[in-house]
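Below is one structure, written out as structure tokens; the observations come after it.
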Amino acid sequence: MTDSKYFTTTKKGEIFELKAELNSDKKEKKKEAVKKVIASMTVGKDVSALFPDVVNCMQTDNLELKKLVYLYLMNYAKSQPDMAIMAVNTFVKDCEDPNPLIRALAVRTMGCIRVDKITEYLCEPLRKCLKDEDPYVRKTAAVCVAKLHDINAQLVEDQGFLDTLKDLISDSNPMVVANAVAALSEIAESHPSSNLLDLNPQSINKLLTALNECTEWGQIFILDCLANYMPKDDREAQSICERVTPRLSHANSAVVLSAVKVLMKFMEMLSKDLDYYGTLLKKLAPPLVTLLSAEPELQYVALRNINLIVQKRPEILKHEMKVFFVKYNDPIYVKLEKLDIMIRLASQANIAQVLAELKEYATEVDVDFVRKAVRAIGRCAIKVEQSAERCVSTLLDLIQTKVNYVVQEAIVVIKDIFRKYPNKYESVIATLCENLDSLDEPEARAAMIWIVGEYAERIDNADELLESFLEGFHDESTQVQLQLLTAIVKLFLKKPTETQELVQQVLSLATQDSDNPDLRDRGYIYWRLLSTDPVAAKEVVLAEKPLISEETDLIEPTLLDELICYIGTLASVYHKPPSAFVEGGRGVVHKSLPPRTASSESTESPETAPAGAPSGDQPDVIPAQGDLLGDLLNLDLGPPVSGPPLAASSIQMGAVDLLGGGLDSLMGDEPEGIGDTNFGVPPAAAAAPARLGAPISSGLSDLFDLTSGVGTLSGSYVAPKAVWLPAMKAKGLEISGTFTRQVGSISMDLQLTNKALQVMTDFAIQFNRNSFGLAPAAPLQVHAPLSPNQTVEISLPLNTVGSVMKMEPLNNLQVAVKNNIDVFYFSTLYPLHVLFVEDGKMDRQMFLATWKDIPNENEAQFQIRDCPLNTEAASGKLQSSNIFTIAKRNVEGQDMLYQSLKLTNGIWVLAELRIQPGNPSFMLSLKCRAPEVSQHVYQAYETILKN
Amino acid sequence: MLSSLYASFSLRRNAVDAFRVNVIHARQQVRSPVTNIARTSFFHVKRSNIWLAAVTKQNVNAAMVFEFLYKMCDVMAAYFGKISEENIKNNFVLIYELLDEILDFGYPQNSETGALKTFITQQGIKSQTKEEQSQITSQVTGQIGWRREGIKYRRNELFLDVLESVNLLMSPQGQVLSAHVSGRVVMKSYLSGMPECKFGMNDKIVIEKQGKGTADETGKSGKQSIAIDDCTFHQCVRLSKFDSERSISFIPPDGEFELMRYRTTKDIILPFRVIPLVREVGRTKLEVKVVIKSNFKPSLLAQKIEVRIPTPLNTSGVQVICMKGKAKYKASENAIVWKIKRMAGMKESQISAEIELLPTNDKKKWARPPISMNFEVPFAPSGLKVRYLKVFEPKLNYSDHDVIKWVRYIGRSGIYETRC
């Protein structure tokens, strides 16, 4: 018997015929008809008109027919809610059927029908089924609770299903336990604050017992759930690890990966001195290698995860290089991933083998793969110094093949090798120059030009070479133009006599004939430098360059830690946090690794742990050192501005602006050319497009500030914009910004600069949950596409009604910005005073009472040094930032200010500020019921008073 | 091409369309088995010309999704054989039924065919008695979901196949770049009742552990033991027991199943050695000489030997001379295929070929794909030996001695390549 005949009926009166058959008396005919209906439904035909007729077939003893009708119902109930009601009675009846298979079928199907009226009727049968004597029914009912929660969360809570579900965790049947765990985990994900999965050592023990007995899928649910548990100490972590390790031998790769996740996470808590730690490391390697013999799709998932694991704990797989060698018949996605891991594992010990392999790969067919292999050779040279020479000679061999893209890729990486090992391999320049003509990609051309300029003194015909590029100057991409400009200036400084004409030519091309502000800026600055002080020009242009770092494209540590918590899931495949690809609030709970309990290895540094922060048992987010470093550098470089950046002005001060922009880019040593490796030198406000009449850059407002006076009365103190997301981390998008509070509304003032070569569109912004529920009050509106080198300023209104999660530090805000290119993440700290509300003035009596009422241990004292203000000025300044002085007393020559402020979430903070005339140090005592805010309030005081 | 029913089942049709346009009909080669289109993630696997896709908008367990898709293929194959368009159309009602049973709201449920077949059959659903019903439900949800009670055989018999595939990547100079054996132990059991089985092999760790007790045996057996890098087991094996005692004990499913998989990398017997010699004579001619040497006991015979020597794309003609077997140039496959039916151990054979090339102005050199080889040998290249398989069934009256046991070793080539 075959079913394919059902697909073939396409006659016109089909629906009509089916209707007749459905109402036939013969059972067989009915069944056949329903099958035809389902077949039509499967291929996408609309058979909803048959709804009543199909539902009529529902009351039958024939299980097969029943199943088919249910299938139809699931598909069409939503579009015909009124008719679906007709089915309710049968459902309810079926839920009491003596056959457990039918009971389960009914409750399973009902959960899939997303019609409110049906769900109401579902509650009673579901309640019964959750306590059914048959485990098959119970395990089905457990999943049904999750379905119902998805349709109507409130109903599930009101009906007390969650408690029943929790009870099922102690069920005697392992499959019931597994499904209950799966359902609870899913529900908990949409309710992160609720204590649904209240895991404690007892319940963990139950789960671990069920782990040994349930199906492979159940094991996955349980392991994924265990991974969310935070053991109370290292001993508990170890004992869980011991019971999870046997899973590493499971035939199901998903079980293995979920077990790896649990182990990687809990390992954080184990001391490295422990014998067990070493044992665990050894146990992890073989199963990871075994994953590579799975089917290609799973290999891909495994490799993406191994890529994370290798970055987090390189020691696990350091001896397993060989298994990542690419096989000729591997699918391309497996090849590319293996290559990536090979480079990460390359070390002095195995470099010879790796290089031999890479050379082999560079002759393969797939262009992407070959390019990556060539690039990998360059990365090996930079990573393992001893191998540099062999890498260079391998690259030269590859250049000899004359395969166009191989040559170009090789030149790009050789430039990086020159940067890493200056004055070592310049002998190869001659070979490189031979290939000048074949370069047609901007990146390769720019790299070659850089090399010619950098080593102009050793290349006899450097001027000719560069001149040849100059002919088509306007057709080149910006990257090449900038590089060419710099290279010719370098050449001129090295060989001034014969190249004067050339430099004149390029300067005029760059400054007079170009529309690109970046290029013009750089042209002008060189021009001025050269004409005013050639010696200084030499010092600036030919300055020693910082060495490039050896590891590139590592995942940023905070993100890496988060991704480790998501091993095995899509997030680990995309290498992006779930919030980047999951819509809505579900599944975007920020996960973090547990803190190490052994104090000797504490990763916390005093700077990152604010005073009064809860210790130990709180999840501790390891600070993104990269980010912090970047931010700090930016702050240092950026001019100290205190004027309100919102005061938009379109006055142009060309020269000064150019100077500001140009200098930065000079000091940044052409970040365009070597951006990916030149970490730590942010391309600061290089691209302020004065021409477009856009608001002035920070460099200008600095100058402006001298005239526009200090501060404004209209709102709180506004910090200067700082670069939050450097362009090199966000594919050319640079974001700087600050927070303001004006007349009761908070906003985030952003400056978006496009430093890429393509137009950016479709901007959107999203915040992660944060301590005060800050959230955008309106979507990010960038009205026109952002063309290259353009900057826009946007004020994004914020509210404080978003979801709340305590962050570390308290004022940390994690932001995701999306555009047509990608999604980018950064985190920033917002000054607490933007949260000080306007009605923060407390009644005097109230103040006294409250002050007494708050226990003394909540009082925190701080000293504010070097503040030259007098009492009135200080009070006035604070008032404009919503810190209100309630009373003032003079005690023994000291002014005592009693002040209050209120945060957006209703927390009151009371303050006593002691000012001694003539003494620039103020004493600040803060009292608050939530003492963890004190530190940040103090910082707000400091910022306000000192600016 | 038919998009799978599975996708259309739970998701809006436009998602299916998006997948079809972006992945199936994309011009490019598949660049990733996971695709994200408009915030929706698609996982796909391909079986002949059938694409099975799973779709999600959440951060799901990706490894689990793929495992499930494979499992789904296994289940379908167990019910109606090859997964083809025709078979899927012929069995779509059955597929709906199976899916309904093995996947609930995205959570995979019991997917053991043994259990499923007790109540979902190709002939539709059997009506069951009350006892049968409760037996089904307890089996599907139970601890031993892979075996039902009350199985009876007149003759208790079991077959063990040790199937190994030996993988090699060798440099032209004969240096082993990487080599490993991935092996499987497949068991066919026809045993009555709920038999408790214990499987033993020459695992180095076990032998050394035992060797400690009887010191004189260590030297003798230690030599023959093998180091297993890693192994994974069928879900019937008690993993915690393996972890603590390294003993493999289980109650087997009825019929055929894969008991374990393992991987070894040390002391592998490479059954064949391939020695290539490629010489470019001018721009229009290649001379290729390949010698293969068999490296195992002379009394054993290797079968189905095939050597595949790749030729450049601009080959115009090939002349081959081989000492043994048959060799042919297959233009459509760009290779010379040399087949030998049988070859005993410690023998040697040779092929030489002259390849005429058309002159081209293509600058890119020929990539020289590796020479690959296929064969089958009647031993386990890893050196694995089955030491025992004991069967205990306390409730029934048969003992370990009454069970007839068969063991067979087959070594096949996996990816067995020598670069030239």
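Here are some notes:
- Oblate is the label for the stretch A:52-153, because a/c, from the alpha-carbon gyration tensor with a ≥ b ≥ c as root eigenvalues, is 1.5 or above and a/b does not exceed b/c.
- A DSSP coil position with no more than 15 other Cβ atoms inside 10 Å describes the following GluC sites (Glu not before Pro) in the stretch A:821-902: A:Glu838, A:Glu892.
- Distance (nanometres) between label positions extended 7 Å along Cα→Cβ at B:Glu376 and B:Ser399: 3.8 nm
- Qualifying GluC sites (Glu not before Pro) in the stretch A:419-527, where qualification requires a DSSP coil assignment and no more than 16 other C-beta atoms within 10 Å, comprise A:Glu471, A:Glu498.
- What separates the Cα centres of the stretch A:268-291 and the stretch A:347-378 is a distance of 30 Å.
- Only Cα pairs under 8 Å and 6+ residues apart enter the sum, and on that basis the relative contact order of chain B stands at 16 percent.
- Across peptide A:45-53, the mean count of Cβ atoms from other chains lying within 10 Å of each residue's own Cβ comes to 0.
- The ellipsoid that matches the Cα gyration tensor of chain B has semi-axes, each √(5λ) in whole angstrom, of 43, 35, 19, with the longest given first.
- Applying the Kirkwood pairwise sum to the alpha-carbon positions of the stretch A:846-894 produces a hydrodynamic radius of 13.3 angstrom.
- With kT/(6 pi eta Rh) evaluated at 4 °C and eta = 1.567 mPa s, and Rh the Kirkwood radius from Cα pairs, the stretch A:222-313 diffuses with a coefficient of 97 µm²/s according to Stokes-Einstein.
- The label-point distance for B:Lys341 and A:His575, in a model that sets each label 7 Å from Cα toward Cβ, rounds to 5.4 nm.
- Across the alpha-carbon atoms of the stretch A:300-459, the computed radius of gyration and Dmax are 16.0, 50 angstrom.
- Cα centre as origin, Lys/Arg/Asp/Glu Cβ charges: the protein assembly as shown dipole, Debye: 5620 debye
- Measuring max minus min along each principal axis, the C-alpha atoms of the stretch B:97-196 give extents of 70, 42, 27 Å (largest first).
- Ordered by the count of other Cβ atoms within 10 Å of each Cβ, fewest first, A:Val137, B:Val176 give B:Val176, A:Val137.
- Close amide H partners of A:Gly840, meaning residues 5 or more places away or on another chain with modelled amide H under 5 Å apart, are A:Lys902.
- Calculated mean residue ellipticity, 222 nm, the protein assembly as shown: -12500 deg cm²/dmol, from DSSP H runs (n ≥ 4) at -39500 (n - 2.57) each, averaged per residue and rounded to 500.
- Based on the reciprocal of the average 1/r between different C-alpha atoms, the Kirkwood radius for the stretch A:876-934 equals 12.2 Å.
- Calculated FRET efficiency for the pair A:Asp440/A:Glu539, C-beta based, R₀ 35 Å, to 0.05: 0.50
- Pairs beyond 27 Å (Cα-Cα), from B:Lys82/B:Lys241; B:Lys82/B:Lys188; B:Lys130/B:Lys405; A:Lys232/A:Lys312; A:Lys261/A:Lys818: B:Lys82/B:Lys241; B:Lys130/B:Lys405; A:Lys261/A:Lys818
- Efficiency of FRET between B:Gln175 and A:Glu242 - r from beta-carbon atoms, R0 35 angstrom, step 0.05: 0.30
- Footprinting exposure proxy for B:Tyr153, A:Tyr941 (fewest neighbouring C-beta atoms within 10 Å first): B:Tyr153, A:Tyr941
- By the Stokes-Einstein formula, at 0.692 mPa s and 37 °C, the protein assembly as shown with its Kirkwood radius over alpha-carbon pairs has D equal to 91 µm²/s.
- Between amide H atoms placed 1.01 Å from N, distances below 5 Å from B:Leu103 occur with B:Gln109, all of them 5 or more places distant or on a separate chain.
- Around the Cα centre of the stretch A:111-168, unit charges on the Cβ atoms of Lys, Arg, Asp and Glu (plus for the first two, minus for the last two) sum to a dipole of about 180 debye.
- For the pair the stretch A:395-449 / the stretch A:512-541, the C-alpha centres are spaced 27 Å from each other.
- As a ratio to 2.2 N^0.38 Å, the alpha-carbon radius of gyration for the stretch B:276-420 is 1.52.
- Under 16 Å from A:Lys166, Cα to Cα: aspartates and glutamates that are on another chain or at least 8 residues apart: A:Asp132, A:Glu157, A:Asp158, A:Glu186, A:Glu189, A:Asp198
- Look at A:Trp450, B:Trp406 and count the other Cβ atoms within 10 Å of each Cβ; fewest to most, that gives B:Trp406, A:Trp450.
- Beta bridges by DSSP in chain B, antiparallel share as percent, to the nearest 5: 85 percent
- The alpha-carbon of A:Lys841 sits under 20 angstrom from the alpha-carbons of these lysines, leaving out residues fewer than 8 places away in its chain: A:Lys852, A:Lys877, A:Lys888, A:Lys902, A:Lys927.
- Sequence-distant lysines (8 or more away, or on other chains) whose Cα lies within less than 17 Å of A:Lys117: A:Lys78, A:Lys93, A:Lys147
Where a number appears in this text, it was derived from the coordinates with a stated rule and is not lab data. On a predicted model such as this, the values are computed, not experimentally measured, just so you know. No Cβ is skipped: glycine too gets one built from the backbone with ideal geometry, and neighbour counts run over all protein chains shown.
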